[in-house]
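Following: one structure in structure tokens, then a few remarks.
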Amino acid sequence: MYTHRLLSELGSKAELLRFEDGEKKDTYLSAMIKLEEAEGIIQEGSVQWIWESRYRKGHKRKNWFISVESFEEAKETEYALSDFKYEALRSSGPGGQNVNKVETAIRVIHAPTGFNIVAREERSQYLNKKLGLSRILKMIASQKEQAMQSKSTDVWMQHNLLERGNPIRVYWGDDFILKVSH
């Protein structure tokens, strides 16, 4: 409920990225919110909220902590043709006299990553060049996806490192009223 209120107050600047549902309706155990143009609005650190939960009546816990961290979004990389280097090779295997005379196989090397691949299945250099380029682009995309997934996991695991003391702000009550700010 409070997350929904926060998102509506921030308008188009806020987006709920990930969350773990709580036991009650409209509650979250954990949530990750993306804020656009948050410079000056949000201060990194831990926020304390002193509030007796309506959902857990009679529970001793009154102090709730929220971790506020900033993360850079992964940038989309574009490929320049100058990043790729091509080497012609002689194919091996069946193919008769053509195998020994014509260099139809192609090695494609992507300089920034060091990936290289050899394509020799087709009978022409042009088709092997296309095949090799498509394979190396798949390798780069796979590596980028793994890196993004790893970063996403690291960001999500950050909520386990919440500091439960020395808050930068303290809010009070149902209306989330600011009492202390450092």
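Can you work out which of the residues in the range 48-85 that are surrounded by 12 or more Cβ atoms within 10 Å (Cβ to Cβ), among the hydroxyl-bearing types (S, T, Y) and more than 15 Å from T113 (Cα to Cα) is modelled with the lowest pLDDT? Going through the qualifying residues, I end up with Y55. Surrounded by fewer than 13 Cβ atoms within 10 Å (Cβ to Cβ) and not charged (D, E, K, R): does that describe G132? So G132 does not fit the description; no. In this entry, G11 is excluded by the filter for residues that are at pLDDT 75 or above and at positive phi.
I'd like the residue in the range 23-47 that is among the acidic types (D, E) and closer than 30 Å to S150 by Cβ and, out of all such residues, is modelled with the lowest pLDDT.
E39
On the stretch given as the range 121-136, residues that are of a type in the set (K, R) and over 36 Å from the mean Cα position of the chain (by Cα) total 1.
The values are calculated or read from the model by the stated rules, or taken from the named source; none is laboratory data. Not measured: the values here are computed from a predicted model. As a convention, Cβ positions derive from the backbone with ideal geometry for all residues, glycine included, and neighbour counts pool all protein chains shown.
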